[in-house]
1. If I take R0 = 45 Å and measure r between the Cβ atoms of A:Glu485 and A:Ala7 in this structure, what FRET efficiency does the formula 1/(1 + (r/R0)^6) give, to the nearest 0.05?
2. Mind putting a number on the dipole of chain A about its Cα centre? Charges go on the C-beta only, +1 for Lys and Arg and -1 for Asp and Glu, and I need it in Debye to the nearest 20.
3. Answer with one residue from A:Ile730, A:Gly274, B:Gly31: the one whose Cα lies farthest towards the positive end of the charge dipole of the protein assembly as shown, charges on Cβ with Lys, Arg +1 and Asp, Glu -1.
4. Residues of the range A:705-730 with the amide nitrogen closer than 19 Å to a label point 7 Å from the Cα of A:Ala649, along Cα-to-Cβ, please.
5. Could you please report the charge total around A:Phe297, scoring K, R as +1 and D, E as -1 over all other residues with beta-carbon less than 9 angstrom from its beta-carbon?
6. State which entries of A:Lys104/A:Lys292; A:Lys216/A:Lys247; A:Lys389/A:Lys491 exceed 18 angstrom in Cα-Cα distance in the structure shown.
7. Measuring with a 1.4 Å probe in the full set of protein chains, what accessible area per residue, in whole Å², belongs to the range A:2-515?
8. Classify the range A:2-515 from the C-alpha gyration tensor, please: rounded if a/c falls under 1.5, else prolate or oblate depending on whether a/b exceeds b/c.
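The values are calculated or read from the model by the stated rules, or taken from the named source; none is laboratory data. Please read these numbers as outputs of a predicted model, since none were measured by experiment. Here the Cβ positions follow ideal geometry from the backbone for every residue, glycine too, while neighbour counts run over all protein chains shown. Quick note on the areas: whole protein, heavy atoms, side chains included, nothing else; ligands and nucleic acids left out. Shrake-Rupley method; radii C 1.70, N 1.55, O 1.52, S 1.80 Å.
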Amino acid sequence: MLLALLALHAIAGLAALSGARRLGRWALVLGGLAPAVTITWAASRAGAVLDGDVITEQVSWVPGLDLSLDLRLDAFSLLMIVLVSGIGTLVFAYAWSYFGRAEKVGRVAGLLTLFAGAMLGVVLADNLLLLYVCWELTSVTSYLLIGIDDDEPEARAAALHALLVTSLGGLAMLGGFVLLGQAGGTYRISALVADPPSGTLVGVALVLVLVGAFTKSAQYPFHSWLPGAMVAPTPISAYLHSAAMVKAGVYLVALLAPAFATTGVWRPLVVGVGLTTMIAGGLRALRPFDLKQLLAFGTISQLGFLMVLLGIGLPEATAAGCTLLLAHGLFKAPLFMVVGIVDHEAHTRDLRTLPRLGTGWTTVRVAAFLSAASMAAIPPLAGFLAKEKAYDAFVGGSDGERLVLAGIVAGSVLTVAYSLRLAAAFWRPDAVAPADGPRPVLDHGPSPTFVAPALLLAGLSLLLGLFPALWSSLVDQAAAALDPEAGASLKLWHGINTALVLSGLTLALGTGLFAARGAVARAQARLAPTVTGADVYDAVVRRVLHLAALVTSVVQSGSLPIYAAVILGTAAVVPAVGLLSGAWWPGWPTLVTRAADLPIAALLVIAALAAAMAARRFVAALFLGVAGYAMTLFFVVQGAPDLALTQFAVETLSVVVFLLVLRRLPDRFERHRAPAVGVVPRLAVSAAVGVFVVAMAIAASGARTEPPVSREMTERALPEGDGKNVVNVILVDFRGLDTLGEVTVLVAAGIGVAALARAGQRPDRRPDRRSEVT
Amino acid sequence: MSVLMAVTAGVLCATGTYLVLGRQLSRVIIGIAMLGHGVNVLLVLSGGDGGDPVLVGEDVTDFADPLPQALVLTAIVITFGVISFLLALAYRSWVVTADDEVEDDVEDRRIAREAEHLLDDRGDEGAER
């Protein structure tokens with residue numbers, strides 16, 4: 001069934017994509033069916049899973065490589081499905097009103113469905129490699145979704161930014177997975193967590209995996225892609241960048257933390273990065289006027305919070321993390337939705353130009369205030385329960401844990417401040433940002449169907465806050481699935497304890513920070529770093545492109561002589577390294593073995609040098625002919641009459657062809673531009689090749705250890721080949737296929753020659769080609 | 001095998017290389033032919049000092065090695081095919097540009113110019129954001 005659900009997403013997504021034009025907004029219904037079916041099915045199994053049942057499925061994929069589709073549904077996966085499929089279904093409903101009859105709605109629907117399927121795969125996968133595949137599928141679909149307005153350069157750049165950062169992190173993670181799988185002897189996550197391997201290599205593997213998780217969950221210093229991704233239409237932001245994709249990193253960390261938190265640098269790294277992200281993201285969320293940017297940095301901050309809770313590997317914190325995971329999805333998705341509604345109706349989401357919302361906006365305001373209150377952890381909302389649990393987890397701990405607690409409280413104070421800032425936008429925008437002019441009043445509110453999904457989620461935040469028993473067992477069991485010692489037992493009222501005092505303190509300080517917003521803004525403007533993460537990304541990308549251009553301009557000069565020099569030089573120099581050992585040296589052979597060699601060698605050398613130095617084409621070609629005929633003589637004295645005959649015939653033909661072509665070309669070698677290879681390197685490469693050939697000839701003469709194979713060929717030529725001329729028998733019989741290849745090459749060359757020679761002249765080209773060269 | 005013929009092969013290959021590194025296509029072609037000759041000498045030498053033509057049935061015992069000869073025969077013919085094709089290219093080059101000079105690749109030069117350009121105004125764009 002798990003596999004069938006994944007397949008359903010794929011089929012529905014592809015169907016919506018292929019029928020995007022005809023289906024229009026109905027593609028959303030088709031696509032939304034997949035997450036709706038998933039959440040319904042999950043709800044029907046919730047009872048059994050919460051009793052401790054684990055649903056597993058395994059389909060063998062590549063048995064030889066031990067690759068299989070391992071799927072596993074436990075209580076923690078169930079919690080994630082509530083986010084992925086539950087909130088997913090509502091996002092589809094919200095998108096129905098948001099996109100209306102927009103042209104791209106079909107494409108969005110298809111891609112959203114495929115994304116939902118990939119994300120479902122991530123939370124169901126019980127195999128590291130399968131998880132990686134689904135993980136990268138979410139990156140790819142998210143790339144397509146962020147860049148859905150593909151005629152906007154800004155959207156394309158943001159999509160690429162997200163893809164580059166998350167997929168590079170994903171590659172690091174893959175490396176970590178492989179190391180982890182090799183060390184543990186299995187790629188099954190449940191088996192690895194049950195029996196965790198250890199060692200230095202595992203420590204390295206975990207750091208690599210964490211890099212992947214940090215990039216995906218937009219942790220500092222990899223966070224800068226998330227604010228950029230806000231160019232996407234709001235339903236996409238609400239789904240990918242609050243509920244689903246950005247939680248993948250947190251999810252993975254949560255899976256591994258109970259088993260690996262004490263291995264290597266895991267705990268200090270995760271807690272350090274998480275706290276930095278929580279506080280830095282919170283500070284940044286106080287600055288932007290764009291409501292989506294505010295939400296984006298708020299999300300980054302909350303993801304840091306989740307990273308700390310779920311990554312620290314302490315049972316209490318894990319339980320708190322599971323609570324916050326759900327609570328965050330419940331308040332962040334509706335916040336994105338209401339901001340999207342304002343943007344959609346008022347065509348702005350900038351605090352400075354935002355209209356005053358009139359009477360038709362009551363439902364939107366209720367949804368916004370409830371969700372913002374849950375984000376600020378105001379009782380009795382779901383976010384308050386989560387924050388209480390988080391404080392409670394660290395209150396009684398060691399000094400180090402108290403330090404973490406201090407960091408969390410600081411981050412939460414900032415959360416309260418930016419939550420109030422967001423809420424003010426729906427109440428009195430003038431309170432947080434001076435208007436550019438008189439603010440218009442927007443009385444006509446959005447349609448009820450548009451608001452319904454956000455209102456439903458906001459209502460859930462309130463309902464779950466008031467009645468913790470509704471979700472206590474889900475969170476409890478999810479935490480227990482990660483760490484058997486963890487248990488949540490949610491309660492609204494624990495009596496007056498340290499956590500409650502801290503909560504009160506947080507609210508008071510946060511409200512104070514918001515009240516002093518003018519001074520805070522001035523201080524931030526003065527102290528804020530001038531270089532943002534996006535600047536760093538831009539600089540890195542620019543440098544990489546620059547480096548690529550530089551490397552290309554060096555290794556790919558585009559000049560044939562340079563390529564030839566590199567190839568021939570390498571061919572001469574690299575084997576020389578082997579020859580330098582001297583083991584091959586058979587000693588100098590006889591100076592001259594045959595008197596007849598002397599004139600032939602002299603002729604060859606003189607002809608070669610003369611051809612190289614000739615200033616006229618004809619002369620050079622004629623000396624080449626001389627060398628060819630000298631070769632004929634050499635073959636004769638060497639006892640190779642066939643070669644001599646062939647060489648003679650070919651040489652004669654060559655000279656004729658040369659003369660036919662050279663007749664057309666200028667008489668002298670004229671130089672139009674500087675030689676690509678200077679004289680000195682040219683002579684050096686030539687000399688290196690010459691020396692190498694001499695060494696090679698002498699080495700080859702001393703290299704024989706066995707009798708030549710040709711002796712057998714000589715014996716078998718007459719009885720088996722029916723030929724007395726052994727060379728001919730070798731060519732047409734023993735190595736007949738070789739000769740067939742040779743004939744093929746000749747035919748191909750002949751066709752080429754005919755085509756080139758008969759091609760017409762382009763009438764528009766005049767011989768003057770210098771104008772186009774410079 | 002003699003030092004003399006080894007050095008001859010070396011000289012043929014060296015002059016061939018020298019010619020191949022030039023810009024005029026006709027010189028490159030002559031260089032390739034020269035390289036071909038050098039390699040053929042090398043191949044034949046690897047079969048030993050030679051001897052009588054390998055015609056079985058004749059009353060001789062000191063056969064030359066026939067296998068390198070067969071290889072060289074193939075090489076001669078292939079070299080001829082390559083050279084004819086290159087000559088046709090040279091002819092074509094003359095038809096189009098009235099010369100046979102090998103020009104640099106236009107696209108590669110564009111990239112090289114771009115790299116220089118990037119070197120010149122590095123960092124200017126950062127201020128915009």
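1. Rounded to the nearest 0.05, the efficiency is 0.75.
2. Using Cβ point charges on Lys, Arg, Asp and Glu, chain A gives about 2500 debye.
3. Going by the Cα projections, it comes out as A:Gly274.
4. A:723-730
5. Details: positive: A:Arg284, A:Arg287; negative: none.
Spelling it out: positives minus negatives among the neighbours equals +2.
6. Numbers: A:Lys104/A:Lys292 21 Å; A:Lys216/A:Lys247 8 Å; A:Lys389/A:Lys491 9 Å.
With Cα atoms farther than 18 Å apart: A:Lys104/A:Lys292.
7. Per residue, the range A:2-515 has 34 Å² of solvent-accessible surface.
8. Values: a/c = 1.58, a/b = 1.16, b/c = 1.36.
Note, shape of the range A:2-515 comes out oblate.
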